[in-house]
Amino acid sequence: MNAMQSIRILCTVVLTVISLAANAKDTVIWAVTDWPPYFIIEGDLKGQGAGDRFTDYFISRLPEFEHKKNHMSFSRVDKEAKLGRTTCMTNRFYTEERAKHSVFTKPYAISLSLKIVLLKDTFLRLREPEQLSIQSINENYMLNGVLELGRSYGATLDPLLEQYLADPNLTKRRANTGQLLDMLQLKRMDYFIEYPLNFNYMIQTKNLDPDKFVNVEISESPPYVLIWMSCSKTDLGRAVVERLNKVIDAEIATPDYWQRIAYWLSDKDAMMLERHYRENLLPATLPTP
């Protein structure tokens, strides 16, 4: 091989490397966590949670990126954002604290609101209230509650709950819904706060008697909550959110999209939520004509 052939081969290799680098796709990390029925990480229903299904849905709509799923807690997602590592996640609530390090999409989904979960004997002792306020449950009834560490309970409830975290009656722990339900059964606490969908899923999978528990409306909470996606506030995160918003605009009003929102709901809950979907989510999301 002479010098000219060597130079030609070297140039070919260099050009190939440059071409591959130019065509390489940015990799988006999608967080999934152990939070059924939104994220289901094991068992026969693995990957079929509402958050799982929407994560796969949006990944399929963004072929210009490479995508990878990583299992991590809510608090880890926030930590990754603070460290400037691009991580995205479905099923997020917008908070001002999170917005310091994350960029949010438009609201892409909607859910029935959180409820206070009690044992039935506690509910009877409280004289069967139709609603309970965060203030009354902490100041008047002095019930012991546990919140999930790293989780947002929405813009309305977060500041109310924060007021009482200095009191011994309300604490945060690294626990999921199933673990909180176990603690409640063992009477290691009096209540926790959860969505009806999550609660019903856990009751079914644990084969528990639903009549032993009661979900009570929270008086300060609206009947529905909007749900966002977030990505770390990086150049890549901003680019992903821009594309996600375009997908939301194009598809959120379609029947297929609504079915994805309603997938895990009972018929009764789906009927109740569909009104809020049409009256509250679509106007908050779709561009103004």
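Observations
- The string of couplings for the stretch 198-211 from the Karplus curve (6.51, -1.76, 1.60, θ = phi - 60°) is 5, 4, 5, 4, 5, 4, 5, 5, 8, 6, 9, 7, x, 6 Hz, one whole number per residue in order, with x for Gly and Pro.
- Sequence-separation-based contact order of the chain, relative, with Cα cut under 8 Å and 6+ spacing, percent: 27
- Highest to lowest packing among 207-219, 179-191, scored as the average C-beta count within 10 Å: 179-191, 207-219
- Average accessible surface for the chain: 52 Å² per residue, computed with a 1.4 Å probe over protein heavy atoms with every protein chain in place.
- Gap separating the Cα centres of the stretch 244-289 and the stretch 181-210, nearest whole Å: 28
- Separation of the stretch 35-53 from the stretch 76-99 is 20 Å, based on Cα centroids.
- Which of 269, 235 is most accessible, then next, and so on - probe 1.4 Å: 235, 269
- Derived scalar couplings between HN and Hα for the stretch 217-229 equal 5, 9, 5, 7, 9, x, x, 9, 9, 8, 10, 10, 10 Hz in order, rounded to whole Hz, by the Karplus curve 6.51 cos²θ - 1.76 cosθ + 1.60 (θ = phi - 60°), x for Gly and Pro.
- Heavy-atom accessible surface of the chain: percent carbon and sulfur, 1.4 Å: 52
- Seen from residue 82, the other residues with C-beta closer than 14 Å to its C-beta sum to a net charge of +3, counting Lys and Arg as +1 and Asp and Glu as -1.
- DSSP beta bridge pairing in the chain, given as percent antiparallel to the nearest 5: 55
- In order through the stretch 112-125: 3J(HN,Hα) via Karplus (6.51 cos²θ - 1.76 cosθ + 1.60), integer Hz, x for Gly, Pro: 5, 6, 5, 10, 8, 9, 10, 5, 4, 5, 5, 4, 5, 5
- Less than 5 angstrom separates the built amide H of residue 30 from those of 68, 69, 70, 88, all sequence-distant by 5 or more or on a different chain.
The values are calculated or read from the model by the stated rules, or taken from the named source; none is laboratory data. Bear in mind that the values here come from a model prediction, so they are computed numbers and not experimental data. Neighbour counts are summed over all protein chains in view; Cβ atoms, including those assigned to glycine, are modelled from backbone coordinates with ideal geometry. To get the accessible areas, we keep the full protein, side chains included, count just its heavy atoms, and leave off ligands, DNA and RNA. Shrake-Rupley method; radii C 1.70, N 1.55, O 1.52, S 1.80 Å.
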